Every structure is written in structure tokens, then in C-alpha cells.
């Protein structure tokens, strides 16, 4: 029988919390495979998916997008009886049509009567005796046959596949992603999810200065990253009145700084209301005027909530590479402006002063406008497979 065997990697370092991480990964895998004809089993070291042959490709496509999986293999499972192992290894070698091979044995079940080194040597002799034309090459073999002897069963496989790694979604609590329509914030969301943080998203729109297409673009980006978790609640903030007030009352070079300070205030309140422990965003040091260290410090001054910036130290090409990998890049470059790209001043301040920010903010009643934004938020649930989940907003 063939099974998919999953290896935990970083999860094995969690010591006292290891069971929690493994159980969460188990639940996440079962949830993602719902509807498939599979059985999922686990122990402290490995997880196993029993499947029907017709389901294999679909299952692999799904587990390639699940955080917490370090590595997986498609293995033949036999009883840990020497004759059964011999027969399966001979079969694998014959079917490979390779000219050179080596055996690598891992004996986790110490009650098995032969140790790993001796059993690899013995299996090598069995293959040489029963498979014509094949030779041993321990340095550069065409075929490596892995034999894992575990309690009750032995797993035999030839290929190992890298998973996404990281921690299972939801093991480290929840954060709020400031999701724009650009390239950086979806990548930041993906990297945050990789560390086991579930996500809500917040999007600021300024109708009619921004468009339905800009909103739909953000929804599509949220859907792309939702495949790495269970679901994403997207909080859509009606930002028009507040943004217009900023550009009416605030001196031009400070408009971006003040706008970002308002976004952080709103995000903090939305995060608190939705049990999010951190705010995360796509800010990258020095990329634009609001992302100099001075600007970040002044903008950050309005909140005590931790701010996570996963792409802060990546250059644009590195961010683009990840965006292409997670299939968000082509959506992000669609030409629909969000509220961060409209009304951009010719010369935004790159080293703003906190004292000047306070002067600019005292020019108008921003707190009433902030409250209006928060109380009129529309929230929609985004899942990978769900379609037309925002028709009621159109």
C-alpha cells in the first residue's frame, strides 16, 4: 500500500509544546483534505495520509500549500518483516530501470533485529542478487532507496519533496494584515502566515477616488493567500471622508504621513475588536517616503500594538520573486489605484517631525472621522474556493 508520509522538521524543536503543534497541523490537513477519500494518522514523529490512487495529484497540490510540513514522501508501506521489506525493495529497484543505486536505512524501531548500517548492506546484496545489471554506487547513485523501519510498518521510498515549512496556521494567534493592492502586502501576509499567525485583513478604500476594480483586486489577493490558511476576514474601511479632510487641512508634504498615522489608529482598533495581537504590513525600509526609518518611527507613534514588517529588509526583486511564487504578482500589477497611490504629493516629507504631525492633526476633528470609519466597516469572509462572496457590497 502507498501512503504519503509527512515529516515535521521545525515542529520537532518545540519540546513541551510539540503535541499542540502536531495536533494543529493534523487538524489543518484534515480540514484542507475534506471531501477527499483519505485517512490521516499521526504520531509524535510522522503523519500519514492513506489515499486512493486517483486522489494522489490533488492531495499533493493541497499539501504543497500547508504550512508546518517540512518534507513529505510518497512511500510503499509494508509490514516490518524482513521478507516483506526484501520483496518491496527488489520491486522498487526493478521498476526504476536505473543502473546504479544505494540503500539508506533508518531504524526508528529499535526492536527490529538488525541495525541500520547492517540492514542497508544486507538489502544492497539482496538487490544485486535479484536485479540484473544494477550496481552499487554510494557516492553518486542514480537511485537512492530509503527504508524507514518504524513500529509495525516499514516505509520505502525514492523521492523526497520539500514542504513549505514554518508553523501550522493558527498556532501563534492572529494578526491584522494591512492589505493594499500592491506587490508587497500580500507577500507580507504570506510570510506572516508561514510563522503560524492566522490573519484578518484590513483594506482602506476611498470611493469614488478608488474604484470597484481596486476593491475586487484586493479581494482576489486575499483569496490567493487564503489558500495557506482556513479563511480570511477582510475588513473594508470607508476612508473617503477622512482622506479628503487630510488633503484639505494638512500641508501637502505631510499628507502621506498623517494618512498613515490615521490608518494605524484604525487598524489598532479593528485589531483589538477582532482579537488580533499584532498588525502586519508590507513596509520595506526606504522604498517610499513613508518607509524611511524616521517616517516609520513617527507613524508608529500612534499605536502601542506590535507592528510586524516581514519584508522590511528585502529588496524589491526579492519581494517580486515571492509574489510570483505565490501567484499574487499578476493581480498586484493590475492598474487600479488604491488610496495610498491617489493624491500623492510631489515632494512628500521623508524625515517628518512628530511635533509637526501633532500640529497638522489639530487642524481638524479627525477623531469623529476615525470613529465613522470604524463604525461603518464592511467585513466579508474570504476562502480559497468561495466565489461571489462580495456581491452584497457591489
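Set side by side, the residues 66, 82, 6 differ, and just one is surrounded by 17 or more Cβ atoms within 10 Å (Cβ to Cβ), closer than 30 Å to residue 126 by Cβ, outside the structural domain of residue 225 (by TED's automatic domain parsing) and at pLDDT 95 or above, which is 6.
Quick check on this structure: which one of 107, 122, 150 is closer than 27 Å to residue 25 by Cα and free of Cβ contacts under 8 Å to residues at least 60 places away in the same chain? Can you show your working first?
Details: 122 fails: closer than 27 Å to residue 25 by Cα; 150 fails: free of Cβ contacts under 8 Å to residues at least 60 places away in the same chain.
Being closer than 27 Å to residue 25 by Cα and free of Cβ contacts under 8 Å to residues at least 60 places away in the same chain holds for just one of 107, 122, 150, which is 107.
The residues of region 181-199 that are buried (at least 24 other Cβ atoms within 10 Å of the Cβ) and more than 13 Å from the chain's Cα centre (by Cα), listed by number, are 181, 184.
Does residue 88 count as modelled with pLDDT of 95 or more and surrounded by fewer than 14 Cβ atoms within 10 Å (Cβ to Cβ)? Answer is no for this residue.
Out of all the residues in region 252-270, is one or more in the same structural domain as residue 351 (by TED's automatic domain parsing), part of a helix (DSSP H, G or I), surrounded by fewer than 16 Cβ atoms within 10 Å (Cβ to Cβ) and free of Cβ contacts under 8 Å to residues at least 24 places away in the same chain? Within region 252-270 (the criterion being in the same structural domain as residue 351 (by TED's automatic domain parsing), part of a helix (DSSP H, G or I), surrounded by fewer than 16 Cβ atoms within 10 Å (Cβ to Cβ) and free of Cβ contacts under 8 Å to residues at least 24 places away in the same chain), the answer is no, since none of the residues qualifies.
In the condition set (1) in contact (Cβ under 8 Å) with a residue 60 or more places away in the chain; (2) crowded, with 18+ Cβ neighbours inside 10 Å; (3) over 14 Å from residue 373 (Cβ atoms), residue 231 is compliant with all but (2).
Quick test for you: out of 138, 147, 127, pick the one residue that is farther than 30 Å from residue 204 by Cα, modelled with pLDDT of 95 or more and not in a strand (DSSP E or B). When all the criteria are applied, what remains is 127. Restricting 103, 66, 4 to residues that are in contact with a helix residue (DSSP H, G or I) (Cβ under 8 Å, 6 or more places away or on another chain) and not in a strand (DSSP E or B) narrows the list to 66.
The values are calculated or read from the model by the stated rules, or taken from the named source; none is laboratory data. Quantities reported herein were computed from a predicted structural model and do not represent experimental measurements. FYI the Cβ positions are ideal-geometry reconstructions off the backbone, even for glycines, and counts take in every protein chain you see.
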